[in-house]
Amino acid sequence: PYADDSEHVPRILQCGHTACQGCLSLMLRTAKTEAHSKKLECPECREVTVVKQGKASNLQKNFGMLR
């Protein structure tokens, strides 16, 4: 069911933690834009992930959670 609902697609951060695309999109709204990307702190461990064009949809899907 989640594969068709883009807001609930699980996305992997550079630290290995996963969050839903909708939540990450909300977090990216307030992130500062730098060189066509935004820096996002992981809500679990605070490690920074650089997100291309500041769009959560550009992060890799966690396909293991989509099954």
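So here's what we get for this one:
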| quantity | calculated |
| --- | --- |
| Total charge dipole magnitude, the chain, about the Cα centre, Cβ charges on Lys, Arg, Asp, Glu only, Debye to nearest 20 | 200 |
| Positive minus negative residues near Thr49 (Lys, Arg vs Asp, Glu; Cβ under 15 Å) | +4 |
| Reachable aspartates and glutamates from Lys52, criterion Cα separation under 15 angstrom, eight or more residues apart if same chain | Glu34, Glu41 |
| Within the chain, helix-based [θ] at 222 nm, where runs of 4 or more DSSP H residues each add -39,500 (n - 2.57), nearest 500 | -4500 deg cm²/dmol |
| Selection from His36, Ile12, Thr49 lying farthest towards where the dipole of the chain points positive, charges on Cβ | His36 |
| Phi-based couplings in Hz for segment 11-17 (Karplus 6.51, -1.76, 1.60; Gly and Pro marked x) | 10, 9, 8, 4, 6, x, 6 |
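Read-outs: derived from the displayed coordinates by stated rules, not from any lab. As the structure is a prediction and not an experimental result, all values here were calculated from the model. A quick note on method: Cβ atoms are made from the backbone with ideal geometry, for glycine too, and the neighbour counts reach across all protein chains shown.
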